[in-house]
Amino acid sequence: MPDRKALVTGAAGFIGSHLCERLLGQGWAIIGVDNFDDFYDSKIKRDNISECLKNENFRLVEADIRDSAAMDKAVGDGVEVMVHLAAKAGVRPSIAEPMLYADVNVNGTVVLLESAKAHKVDKFLFASSSSVYGNNEKVPFSEDDNVDFPISPYAATKKAGELLCHTYHHLCGISVTCLRFFTVYGPRQRPDLAIHKFARLIEGGKPICVFGDGSMMRDFTYIDDIIDGTVAAIDKCDDFNIYNLGESEPMTVNDLIAEIEKALGRKALKEHLPPQPGDVRRTYADITRASREIGYNPSTNIKTGLARFVAWLREDG
């Protein structure tokens, strides 16, 4: 039997399924929690988790993170680590449904922290987001920067989650690490996100929508690098810490589209639309702290990452 046991919320999602596979490969026992929310086709998530389900050390719990009885039962005895990835995702949808986002992302996080406290879980990792930086003028974004000015309900819920994590660390002594992910992409990326959406539309000869003039910048980070950083953070989780996990090489949306065109060998048909409320102008991770303290060292550049994504899209996507 494995010596180490972790509970991963959002286990059937893009990042969650990759993390579960990595931890299972390292000999962990995993309790994967997912409610198969209908934000996108639940069949995609079933496919994501299919390999994990073949492993005898993986147990899937289909439940909502707001269900305190279900979460207490899922944690049970012997869970050493909780990795909380589940959330209502997306900046733009959060503007349309702010109450739902607050309920799931804030109340759900409290439920999980309460379960961690009740069952004396050693380590709690929380998936935060680069969106907490808002339209920060200073770049690159550092963990010490002020993040009191989010510009979307989604970003506000992630900042709230970090604050709640610190509160439970202070009151209960739980070791907590908050990971601010920067625009993660790769095989299994959510279909609503830019790289996946653009690639699928360009491949099909359909126009893509570019909001604004395409000068917005994003720090695109390949999934394997994110998983490397998350696993390192699990190993080093102690006290209370916040780390940026990004590539630290931002590029404009226009340059991204050009790279996708190269990877696909096809030209994009572009339709320009007005900028969207809640979208930040740029993201750019300062990864100095993560590099120094957990050994984070992203190594997949955008050309390599997109080539791998396109190969997946054409074979399995």
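The values are calculated or read from the model by the stated rules, or taken from the named source; none is laboratory data. Everything numeric here is computed off the predicted structure, so don't read it as measured data. Note: ideal-geometry Cβ built from the backbone for every residue, glycine included; neighbour counts use all protein chains shown.
If you go through segment 12-22 and pick out every residue that is out of contact with any Cys (no Cβ under 6 Å at 6 or more places or on another chain) and closer than 19 Å to Met71 by Cβ, you end up with 4.
Give segment 7-27 a look and list any residue that's more than 20 Å from Ala89 (Cβ to Cβ) and surrounded by 24 or more Cβ atoms within 10 Å (Cβ to Cβ), or say none. Once the filter is applied, which keeps residues that are more than 20 Å from Ala89 (Cβ to Cβ) and surrounded by 24 or more Cβ atoms within 10 Å (Cβ to Cβ), segment 7-27 yields only Leu23. For Met71, the conditions (1) in contact with a Cys (Cβ under 8 Å, 6 or more places away or on another chain); (2) more than 29 Å from Met216 (Cα to Cα) all hold with the exception of (1).
For segment 281-299, the candidate set comprises residues that are outside any loop (DSSP other than H, G, I, E, B) and small (Gly, Ala, Ser); within that set, the residue that is surrounded by the fewest Cβ atoms within 10 Å (Cβ to Cβ) is Ser291. Which ones in segment 177-235 are in contact with a Gly (Cβ under 8 Å, 6 or more places away or on another chain) and surrounded by fewer than 16 Cβ atoms within 10 Å (Cβ to Cβ)? The answer is Asp192, Arg200.
Comparison of Gly278, Gly214 shows that the only residue that is on the phi > 0 side of the Ramachandran plot, more than 21 Å from the chain's Cα centre (by Cα), part of a loop (DSSP other than H, G, I, E, B) and not aromatic (Phe, Trp, Tyr) is Gly214. Does segment 134-144 include one or more residues that are without any contact (Cβ under 8 Å) to a residue 12 or more places away in the chain, among the acidic types (Asp, Glu) and either surrounded by fewer than 22 Cβ atoms within 10 Å (Cβ to Cβ) or touching a strand residue (DSSP E or B) at 6+ places or on another chain (Cβ under 9 Å) (or both)? Yes. In this structure, Asp192 does not satisfy being in a helix (DSSP H, G or I), touching a residue at least 40 places away in the same chain (Cβ under 8 Å), out of contact with any Lys or Arg (no Cβ under 8 Å at 6 or more places or on another chain) and under 26 Å from Thr109 (Cα atoms).
Per the listing Lys303, Lys267, the residue uniquely part of a loop (DSSP other than H, G, I, E, B) and touching a residue at least 40 places away in the same chain (Cβ under 8 Å) is Lys267. Residues satisfying the criterion are absent from segment 254-262 (criterion: closer than 28 Å to Asp41 by Cβ, of a type outside the set (A, V, I, L, M, F, W, C) and under 17 Å from the mean Cα position of the chain (by Cα)). Checking Gly76, Gly90 one by one, the residue that is within 30 Å of Asp239 (Cα to Cα), surrounded by 18 or more Cβ atoms within 10 Å (Cβ to Cβ) and out of contact with any Lys or Arg (no Cβ under 6 Å at 6 or more places or on another chain) is Gly90 and no other. Among the conditions (1) part of a helix (DSSP H, G or I); (2) closer than 27 Å to Ser248 by Cα; (3) in contact (Cβ under 8 Å) with a residue 40 or more places away in the chain, the only one that Lys159 does not satisfy is (3).
A quick yes/no check of all residues on (1) without any contact (Cβ under 8 Å) to a residue 12 or more places away in the chain; (2) on the phi > 0 side of the Ramachandran plot:
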site: Ala11; (1), (2): no, no
site: Ser17; (1), (2): no, no
site: Gly27; (1), (2): no, yes
site: Phe36; (1), (2): no, yes
site: Glu51; (1), (2): no, no
site: Lys54; (1), (2): yes, no
site: Phe58; (1), (2): no, no
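Go through segment 266-306 and give me each residue that's touching a helix residue (DSSP H, G or I) at 6+ places or on another chain (Cβ under 6 Å), closer than 19 Å to Ile195 by Cβ and of a type in the set (A, V, I, L, M). Correct list: Ala268, Ile302, Leu306.
On the stretch given as segment 164-185, residues that are farther than 20 Å from Arg282 by Cα and either assigned to a loop (DSSP other than H, G, I, E, B) or among the β-branched types (Val, Ile, Thr) (or both) total 5. Quick check on segment 118-125. Is at least one of its residues modelled with pLDDT of 95 or more and closer than 16 Å to Arg282 by Cα? Among the residues of segment 118-125, not one is modelled with pLDDT of 95 or more and closer than 16 Å to Arg282 by Cα, which makes the answer no.
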